[in-house]
Amino acid sequence: MNDTDAQQDLTTQAPAGAPAAGPPEEPPVDMEYVDQVIDRYGGQAHFALQMLLDINNEFNYLPQQALRHLARRVDMAPSNLYSIATFFKAFSLVPRGRHIISICLGTACHVKGQPQNYKRLQSDLAIEDGETTEDMRFSLQSVRCLGACALAPVMVIDDDTHSRLAPDQMLDILDTYE
Ligand code: FES
């Protein structure tokens with residue numbers, strides 16, 4: 001399969017949760033890093049999931065260019081990589097912000113007032129669920145239970161857990177992230 005076929009395979013299906021207005025433009029990709037990841041796993045296709053995780057962690061999403069390159073180097077059909085990438089919620093096929101906000105809409109958080117927090121966040125950031133701010137600072141995603149129900153309502157930004165939230169705290173919390 002050549003590059004053109006591969007690109008078509010990876011771009012003809014819109015990823016779930018992509019903004020209706022279309023995904024942000026793909027920024028330049030450090031392909032040296034992608035090669036380092038592939039080399040780290042000996043270029044073996046059965047480590048594809050781990051390679052995808054490393055690439056996703058580095059760029060906060062899976063760049064098309066990196067997916068095509070990975071498919072070629074590990075000799076996998078791009079459609080197989082795409083299947084993995086769309087199966088796991090940890091992956092994104094569209095560029096995401098520097099910080100990922102996961103807001104819990106599970107039952108415990110819901111009854112403790114999370115809908116108001118969520119509304120406030122969407123309004124402050126001027127984005128909907130699954131979207132990224134224009135300055136690429138934040139991406140917002142709703143999740144079902146973060147496993148910290150006793151601390152409800154809960155929001156996680158990157159690896160930081162913010163608990164027992166109130167709507168008027170949201171902006172102060174966001175201000176601590178560049
Ligand atoms: S319902 Fe929100 S952490 Fe469990």
Virtual spin-label span in nm between LEU49 and VAL29, 7 Å along Cα→Cβ: 2.2 nm
Using θ = phi - 60° and Karplus 6.51 cos²θ - 1.76 cosθ + 1.60, couplings along segment 85-99 (whole Hz; Gly, Pro as x): 5, 8, 6, 9, 5, 5, 9, 10, 9, 10, x, 10, x, 5, 10
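Per the Kirkwood treatment, what hydrodynamic radius in Å, one decimal, follows for segment 65-104 from the mean inverse distance over all distinct Cα pairs?
11.6 Å
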Relative contact order %, the chain, counting alpha carbon pairs below 8 Å whose residues are six or more apart: 21 percent
For the chain, calculated [θ]222 nm from helices alone, where every DSSP H run of n ≥ 4 adds -39500 (n - 2.57): -12000 deg cm²/dmol
Whole-number Å³ per residue for the convex hull built on Cα positions in the chain: 122 Å³
Gain on full stretching of the segment that runs from SER123 to ARG40 - 0.36 nm per residue minus C-alpha separation: 25.6 nm
Pairwise centroid distance, computed over Cα atoms, of segment 21-62 with segment 135-178, Å: 26 Å
Linear extension gain, ALA166 paired with GLN141, 0.36 nm per residue minus alpha-carbon span: 7.2 nm
Those Cys residues of the chain for which no other cysteine Cβ falls under 4.7 Å: CYS145, CYS149
Long-range HN-HN contacts of SER142 with modeled amide H, under 5 Å: ILE103, GLY130
Segment 99-175: proportion of alpha-carbon pairs further apart than 14 angstrom, %: 54 percent
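The numbers here are math on the coordinates, done by the rules we state, and not lab data. Only a predicted model underlies this, so the values are computations on that prediction, with no experimental measurement involved. Cβ atoms come from the backbone with ideal geometry, glycine included; neighbour counts cover every protein chain shown.
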